[in-house]
Amino acid sequence: MRIPLGVPDIGKTEQKLVAKVLRSGQLTRGPVLQAFEEQLGGYLGVKHCIGVSSGTSALHLALLAHGIGEGDVVVTSPFTFIASANAILYVRARPRFVDIDPKTYNIDPSKLNEAIDSKTKALILVHVFGLPCDMRPIIEICEDHHLTLIEDACEALGARYEERKVGTFGTSCFSFYPNKVVTTAEGGAVCTNEDEIAERVDALRNQGRKRGEWLEHAYVGYNYRLSDVHAAIGISQLGRIDRANAIRERKAQSYSEALKRFPQVTTPPHVKGRTWFVYVIELNDRDRIGRRLVDAGIECKPYFPPVHLQAPYRELGFKEGTLPVCENASKRVLALPFFTKISGRQIGQVVASLGGLVERPIDTR
Ligand SMILES: *Cc1c(COP(=O)(O)O)cnc(C)c1O
């Protein structure tokens, strides 16, 4: 039996709320979007949440709203989904990648200072796989160098750093793509405590219109709106977020417990406050084992290949060998099937197949 990498958890409430929006006639820019935004703001403890069409558009608008553009340098991690870095290119700024910590896969704060110069204006911080970045030193560095802090919290809704939720330290971006813990099918949000930033993001997502003015356009904006149909899915999903995160924590624990028997497998860190977007292990011989698992119907993926080695970044001059910790991790990581409703039996099946493969290393192809 095939085991998928991920499955969105969509229930009856989602169906009911979506049907209600469809019957209401107000499909976009309506009260359901506003309710979703308020619910998200309340959950995070942040003053403004602005629903947008995706996590990618959230990142784009966050940079624009903070006035980042041509001539500026933005520091970020090479070990992330490519959208974190692409947003920097959208605004014609230059990305600068800082290597990661080999255990957490998050940006290494001890390498940040040397990457900052007079052109550096912002830091896009990624809480990768749901594990919060080491915020204390990072906040200090941002304050010392007057950097704008943008959190790419797309994978970490509900995660905490010392009791404070991630996504509340700077201007933050969330994604509600179906592989995320909370989905709206497609969608995202920008969250901020700054009134002026919220106002700009609100205008930019809606063709540059300021609130209440329909035919006046203050900026060259975009259509990055989130519809009420999508927001309705999000309201139901967000209502279950803490339960979903708790269940995922237990599933991750059963994986790690079962994988203890195999010293060839490095299991992910179980640290206080983290959430579980995916379950990622490290292996020698990752490519062969990954292929064999896929052949056996167990879907798995090498999350993440280094962003700086993707074609558009190589064209900009980024080279192999420059970010060794990331490059080494990228060769070893493997995301296993992981979703809120994965069963104990499915986890057992993955572990059994994986265990069989790591214990027969001579079996090459
Ligand atoms: C999913 C994700 C995004 C992009 O979100 P979309 O909604 O797919 O545009 C950006 N950054 C990270 C870290 C993500 O995981």
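Things to note:
- Top-ranked residue in segment 166-192 [being among the polar types (S, T, N, Q) and either touching a Gly at 6+ places or on another chain (Cβ under 9 Å) or over 18 Å from L59 (Cβ atoms) (or both); ranked as surrounded by the fewest Cβ atoms within 10 Å (Cβ to Cβ)]: N179
- Hey, V280 touching a Leu at 6+ places or on another chain (Cβ under 8 Å) and either free of Cβ contacts under 8 Å to residues at least 24 places away in the same chain or buried (at least 21 other Cβ atoms within 10 Å of the Cβ) (or both) or not: yes
- Qualifying positions in segment 294-352 - hydrophobic (A, V, I, L, M, F, W, C), closer than 21 Å to V7 by Cβ and surrounded by fewer than 19 Cβ atoms within 10 Å (Cβ to Cβ): V294, A296, A352
- Of all residues in segment 7-21, none that is not assigned by TED's automatic domain parsing to the domain that holds T183 has its Cβ atom under 9 Å from the Cβ atom of a residue that is at pLDDT below 95, 6 or more apart or on another chain.
- Criterion: in contact with a helix residue (DSSP H, G or I) (Cβ under 8 Å, 6 or more places away or on another chain), at positive phi and within 16 Å of the ligand (Cβ to nearest atom) - qualifying residue of G187, G170: G187
- A Cβ distance below 7 Å, combined with a sequence gap of six or more or placement on separate chains, defines the contacts here; from segment 306-318, residues that are within 20 Å of D101 (Cα to Cα) reach residues that are in a helix (DSSP H, G or I) and charged (D, E, K, R) in the pairs P306/E327.
- Counting only helices (runs of 4 or more DSSP H) that sit wholly inside segment 303-360, those with at least 1 residues that are closer than 24 Å to F81 by Cβ and under 21 Å from the mean Cα position of the chain (by Cα) are 311-315, 324-332.
- Within the set L147, L226, the sole residue that is farther than 26 Å from I347 by Cα and either within 16 Å of the ligand (Cβ to nearest atom) or within 20 Å of the chain's Cα centre (by Cα) (or both) turns out to be L226.
- Residue pairs whose Cβ atoms lie under 6 Å apart, sitting 6 or more positions apart in sequence or on different chains, and linking a residue in segment 43-64 that is outside the structural domain of R200 (by TED's automatic domain parsing) to a partner that is surrounded by 21 or more Cβ atoms within 10 Å (Cβ to Cβ), do not occur here.
The values are calculated or read from the model by the stated rules, or taken from the named source; none is laboratory data. Quick caveat, the model's predicted, so the values are computed rather than measured. Neighbour counts run over all protein chains shown; Cβ positions are idealised from the backbone, glycine included.
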